[in-house]
Protein chains: 2
Amino acid sequence: MKTVRCSILGFGAIGQGVAEVLLMKKEYLESIGLEVLVVAVVDSKGATVNPEGVDLADCLARKRTVGTVAIEKLTGVEIIRSIAHELVIETTPTNIVTGGVGLQNMFTAFETGKDVVTSNKGPLTLKYRELMEAAKAAGSNFRFEATVGGSMPVINLANEVLAGNQLKSIKGILNGTCNYILTRMLEERASYKDILTESMELGIAETDPTYDVEGIDTACKLVILANAIFGRDATYKDVEVTGITKITPEALEMAYERGHVIKLIGEVSRERIHVAPRLVPINHPLAVRGILNVASIDTELAGEITVTGKGAGPIETASAVLSDLVAIYGNR
Amino acid sequence: MKTVRCSILGFGAIGQGVAEVLLMKKEYLESIGLEVLVVAVVDSKGATVNPEGVDLADCLARKRTVGTVAIEKLTGVEIIRSIAHELVIETTPTNIVTGGVGLQNMFTAFETGKDVVTSNKGPLTLKYRELMEAAKAAGSNFRFEATVGGSMPVINLANEVLAGNQLKSIKGILNGTCNYILTRMLEERASYKDILTESMELGIAETDPTYDVEGIDTACKLVILANAIFGRDATYKDVEVTGITKITPEALEMAYERGHVIKLIGEVSRERIHVAPRLVPINHPLAVRGILNVASIDTELAGEITVTGKGAGPIETASAVLSDLVAIYGNR
């Protein structure tokens, strides 16, 4: 049995999803030879620490009742520096302006020779090259499948399974909220505003939906794909961005009558990164409905390979974190 | 630069595709640190051998003009035993009754400590467990992404990218010929027989189409998925099989009017392996058209992940062989 000691930095929806998945999958992980010991859980107010392993069920219960896991006044950076562990699971909120605490957490993790698995897009959108260099210099593993498309695998699919296949472009629907809104607008012949309100009530859209509906979230994911798969050194400013706020039910209906749907499509290649509403034929593999995400990878030898999956959700995103963890430490 | 010496055993459409892809990708492979040196090419009449590397372009030209690469009267097994190399690329034709020469080629490769990458379903359908044991005992790599779904990744996707995700079932369309026939029957309102004739003329169906249209090819692929992904010890006799020969254009049309298409769906789980025509809602991710293949992987944590790609074609299948080669020898 190999013991992997890890910290969970950030205990919002995704961090809690990771804790739940680690509890659910304890037996399974042991069956493949891994004991995952969480030595610290950190949220914005403080931390729960135990070098022998914290009680994750208790952390989840306290977060839900008291609103925090804080017992000790420690930050992520302090945990990384003071507690022995191998893996930092970085699930603090995405901040694409400054990188947020995630950026410092990741640099500190590499500085102290730790591996990082993350769902946090901010640092990767701002400082991809610097982070990769720091990881490489430290000999650390750095994996981030969860940053793009939730449970839908695309980074590891492109870089590992399709290794040897030169890729020409990736295009797809990388934001479930926008896809939900456009799907519902067409099906209900309802206005953007009405469906946005519905999405907020259902918890599909955030209270401030700007990040999703203006295409910013899709743009960040494209930056990560550009860097991780196409070897670019892109940041957010390299993306041409148009969101979905100007789309009318009339436009959707007119497109539909001509055999098309309007989707917010992100596309990345060696030459260009852009996101905009585009017409997609109704029976095209990209025309997925509801909150689904989809990515179509255009390869030189194998044509288009398309993958579809749930793009969001704490458990779905946590499953991508778990896959990355197993990829690093599992005996394969 | 790492030199990988390999033999290509079987020089039909797939073997030739591998040779073409190795020629096309020489520079790319060198850019990732790999020199692939083919030391022998074998077809049913004999072999071309050169421990310094055979001329692949010349082999392709001779195969197309004279019909064979035979210069020396050597078999695959003799090549494996007598010529130093690390990797056997096994692309002889699938024979699900005896396993064909592929079975002996693979066992001999493992016996002599070589790695195997293959597109040949026969040996894996008949003797999966024995082959895995032989590979393990020899410390050999054994990869076979090309056996299922051509360029559509499913085995490596499930076992590597989705590692940590317990899988419940895989269902999909794994035979492009059947999917082409059913798609065309609906679109042209034509009989099974007429479209089968068209498919043969286009080279989409074989001269003897039994293997495809009776569901046998799909069943073999399901056996491989059952063994490789669900840890079973299944053979062809464990599959319940119904083909598409009884489907009428009237049935397709009636289903379509009710919002469904009829597809030949293979499904595998821990409990059951079966292939049969089934109704699929028109806008379901499994409802792909033409020669496309699709596999929907039902996961415990991440819901359904669906992958679509070209299921056949020499270059597409050879691209899966290349991915497996890079997975074994590439520095990642």
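The values are calculated or read from the model by the stated rules, or taken from the named source; none is laboratory data. In this text the structure is predicted, and so the values were computed from the model without any measurement. Virtual Cβ from ideal backbone geometry, glycine too; neighbours counted across all protein chains shown.
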Can you tell me which condition residue A:328 does not meet? The list is (1) assigned to a helix (DSSP H, G or I); (2) touching a residue at least 12 places away in the same chain (Cβ under 8 Å); (3) farther than 27 Å from residue A:89 by Cα, and all the others hold. (3)
Being in contact (Cβ under 8 Å) with a residue 24 or more places away in the chain, farther than 23 Å from residue B:147 by Cα and part of a loop (DSSP other than H, G, I, E, B), is that true of even one residue in the range B:7-30? no
Among the residues of the range A:286-330, what is the count of those that are crowded, with 24+ Cβ neighbours inside 10 Å, of a type in the set (Val, Ile, Thr) and more than 8 Å from chain B (Cβ to nearest Cβ)? 4
Applying the selection to the range B:155-171, what residues are assigned to a helix (DSSP H, G or I) and either at pLDDT 85 or above or in contact with a strand residue (DSSP E or B) (Cβ under 8 Å, 6 or more places away or on another chain) (or both)? B:155, B:156, B:157, B:158, B:159
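Quick grid of which residues meet (1) in contact with a strand residue (DSSP E or B) (Cβ under 6 Å, 6 or more places away or on another chain); (2) within 24 Å of residue B:294 (Cβ to Cβ):
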position: A:251; (1), (2): no, no
position: A:275; (1), (2): yes, no
position: A:283; (1), (2): no, yes
position: A:286; (1), (2): yes, yes
position: A:301; (1), (2): no, yes
position: A:313; (1), (2): no, yes
position: A:320; (1), (2): no, yes
position: A:323; (1), (2): no, yes
From A:236, A:211, A:256, grab the single residue that is aromatic (Phe, Trp, Tyr) and farther than 18 Å from residue A:122 by Cα. A:256
Return only the number of the condition from (1) crowded, with 22+ Cβ neighbours inside 10 Å; (2) in a strand (DSSP E or B) that residue B:278 does not satisfy. (1)
Taking residue B:35 as the residue in question, decide whether it is in a strand (DSSP E or B), touching a residue at least 24 places away in the same chain (Cβ under 8 Å) and surrounded by fewer than 19 Cβ atoms within 10 Å (Cβ to Cβ). yes
Those residues that are of a type outside the set (Gly, Ala, Ser), within 25 Å of the chain's Cα centre (by Cα) and under 24 Å from residue A:110 (Cβ atoms), I need them from the range A:55-77; list them, please. A:75, A:77
Among the residues that make up the range A:203-220, is at least one of them hydroxyl-bearing (Ser, Thr, Tyr) and surrounded by 21 or more Cβ atoms within 10 Å (Cβ to Cβ)? yes
Inside the range A:172-193, can you point out the residues that are within 14 Å of chain B (Cβ to nearest Cβ) and either within 21 Å of the chain's Cα centre (by Cα) or in a loop (DSSP other than H, G, I, E, B) (or both)? A:172, A:173, A:176, A:179
Give me the pairs, please: first residue somewhere in the range A:156-169 and more than 7 Å from chain B (Cβ to nearest Cβ) and in contact (Cβ under 8 Å) with a residue 60 or more places away in the chain, second residue anywhere and assigned to a helix (DSSP H, G or I) and surrounded by fewer than 23 Cβ atoms within 10 Å (Cβ to Cβ), beta-carbon distance under 6 Å, and either six or more positions apart or on two chains. A:158/A:229
